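Have a look at the structure below before the remarks.
The values are calculated or read from the model by the stated rules, or taken from the named source; none is laboratory data. All of these numbers come straight from a predicted model, not from anything done at the bench. All Cβ positions, glycine included, derive from the backbone under ideal geometry; neighbour counts span all protein chains shown. Ligands, DNA and RNA are excluded from the accessible area calculation, which covers all protein heavy atoms including side chains. Shrake-Rupley method; radii C 1.70, N 1.55, O 1.52, S 1.80 Å.
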Amino acid sequence: QKGFDTTYQLTDVIQAGNTDNLKLVSQSALFNAELSDNKHDIVMTMKSFDELTDNKSLASFLEKNYASGNNEAFFNDIKSIGNASAFTSAMDSLTGRDTIAKFTHKDLTAMREVNFAMNELMFANNDKPMFETNGSLNTFNFKNDNNSSARYALANKRISPRMKIGYAMSTTNLNTDNDDDTTRRNSVFQVFAPISYDRSGWQMIATPQIGFARGHYTRKGYNGTSYEGVIEKRIFALMNEARYPMTVGKFEVSPTVEFNAIAYNTKGSEDEKAYSLTMPSDNSLSVEAGLGIYAKRNIGNMKFNAGLMVYREFADPYNIKMGMNGMEGTFDLYEDRNEYRGVASFGFGYDIGKLNVYGNVQHFMETDTNTKFKAGLKFGF
């Protein structure tokens, strides 16, 4: 374990005269064990980090720091890991891949759902002045959610027969508690300026927006060590949606296209201790296109709606730069997610005088498939 050699030799370990059937097993995933030519010494030869991790950036980071002689205690620890699967698990804990890497997906999910909810209001009230101050989203579609919510206020005004402008703001609180004592409390504040435009039967909305997020988290690292950290994000986005409503039989059907771009600058750090992580200022981008269809039908006092959207991600938003206390340079931390995702929805509403009973089911077809259900009562005074 001591030092930064790539080869260690143990002399006169084997005293047997015949070693033909001798089988050596290394107790380190990082080193191979071989019998030397003299049949008495054992040579431990270091593997390349590329052989032990599929993260090429992390492998390069480890190689450079080992060659530079940085953080001997860290490398002594990973030399003692006995097999490849244990090495992978240790790297996930040491680098935050099993915790911090998942934060980006949750942030993007919340931003997309808030934007979707406000677009629905803009489309539903296409010809009416509107000021909505009680909009809310009580749950999101990710696991381990602990009463996350979003609230938003939206106002808009028609300035021409074809164009309407609006302004809005939202506050989102993301709270998650995992079984491994990992927690996160993240607050996101955003300002929006939606612009809708009708032409040739198309209803289009473009929404530029800016925002700021600050979150605190705790996580379990290597050997159960607890870390506390802070992450900040500065958000810039342009969300675009276009629908073409038409009547098909007794249904109102709306083919829909979306093109959304979300850029954000991220930085953060953890309390300084052994193997704590840093997140230097880094820019990331999500560029996503969506194609789908929505359908509505009214039967007396009952209203039904359904929809299906499929999205393709063209950028790499789940890749962030990370550093480590006592080490030089950075490595890429990423979460493996499919470039495609889908959202299916079904909802209903029933009016009894001024009372409205409603419900909605959304099924998110992603790496971690989830379904959420919302139901409630509304009473108009």
Using each residue's phi in the stretch 99-106, evaluate 6.51 cos²θ - 1.76 cosθ + 1.60 at θ = phi - 60° and report the 3J(HN,Hα) Karplus result to the nearest Hz, with x for Gly and Pro. 9, 4, 4, 7, 5, 4, 4, 5
Along its three principal axes, how long is the chain when you only count alpha carbons? Whole Å, largest extent first please. 95, 39, 37
Step through the table entries K79/K233; K106/K267; K2/K39; K79/K106, compare each Cα-Cα distance with 27 Å, and write down the pairs that go over it. K79/K233; K79/K106
Tell me, what % of the accessible area of the stretch 228-344 is carbon and sulfur with a 1.4 angstrom probe? 56
What share of all Cα pairs of the stretch 152-281, in percent, falls into each consecutive 10 Å distance bin? 11, 27, 25, 18, 12, 6, 1
How many times 2.2 N^0.38 Å is the alpha carbon radius of gyration of the stretch 223-365? 1.53
Relative contact order of the stretch 248-291: what whole-number percent is it, with Cα pairs under 8 angstrom and at least 6 residues apart? 48
Binning at 10 Å from 0, report for the stretch 159-226 what percent of all alpha-carbon pair distances ends up in each bin. 17, 28, 21, 17, 12, 5, 1
Degrees separating the helix 84-95 axis from the principal Cα axis of the chain, which is the longest one: 60
What is the local net charge at N319, summed over the other residues whose Cβ is closer than 11 Å to its Cβ (Lys, Arg +1; Asp, Glu -1)? -3
For the stretch 2-42, the accessible surface attributable to carbon and sulfur atoms (probe 1.4 angstrom, ligands and nucleic acids excluded) amounts in percent to 44
Let me have the relative contact order for the chain, percent, based on Cα pairs under 8 Å that are six or more residues apart. 10
Quick one: 3J(HN,Hα) in Hz for the stretch 228-233, Karplus 6.51/-1.76/1.60 with θ = phi - 60°, rounded, Gly and Pro as x. 10, x, 10, 10, 10, 9
Listed by chain and number, the residues whose amide H is under 5 Å from that of K47, excluding neighbours fewer than 5 places away on the same chain and using placed H, are F31, N32
Which ³J(HN,Hα) values, rounded to whole Hz and listed in residue order, are derived for the stretch 54-69 from phi using the Karplus coefficients 6.51, -1.76 and 1.60 in 6.51 cos²θ - 1.76 cosθ + 1.60 with θ = phi - 60°, glycine and proline given as x? 8, 8, 4, 5, 5, 4, 5, 4, 5, 4, 5, 6, 5, 5, 8, x
Rounded to the nearest 500, what is the 222 nm mean residue ellipticity of the chain from helices alone, with -39500 (n - 2.57) per DSSP H run of 4+ residues and division by all residues? -4500 deg cm²/dmol
Rule-of-thumb Rg ratio for the stretch 56-98 [Cα; 2.2 N^0.38 Å; N residues]: 1.13
q = 0.18, 0.25 Å⁻¹, the stretch 31-70: log10 I(q)/I(0) [Debye, one scatterer per Cα]: -0.60, -0.79
Mind putting a number on the dipole of the chain about its Cα centre? Charges go on the C-beta only, +1 for Lys and Arg and -1 for Asp and Glu, and I need it in Debye to the nearest 20. 2520
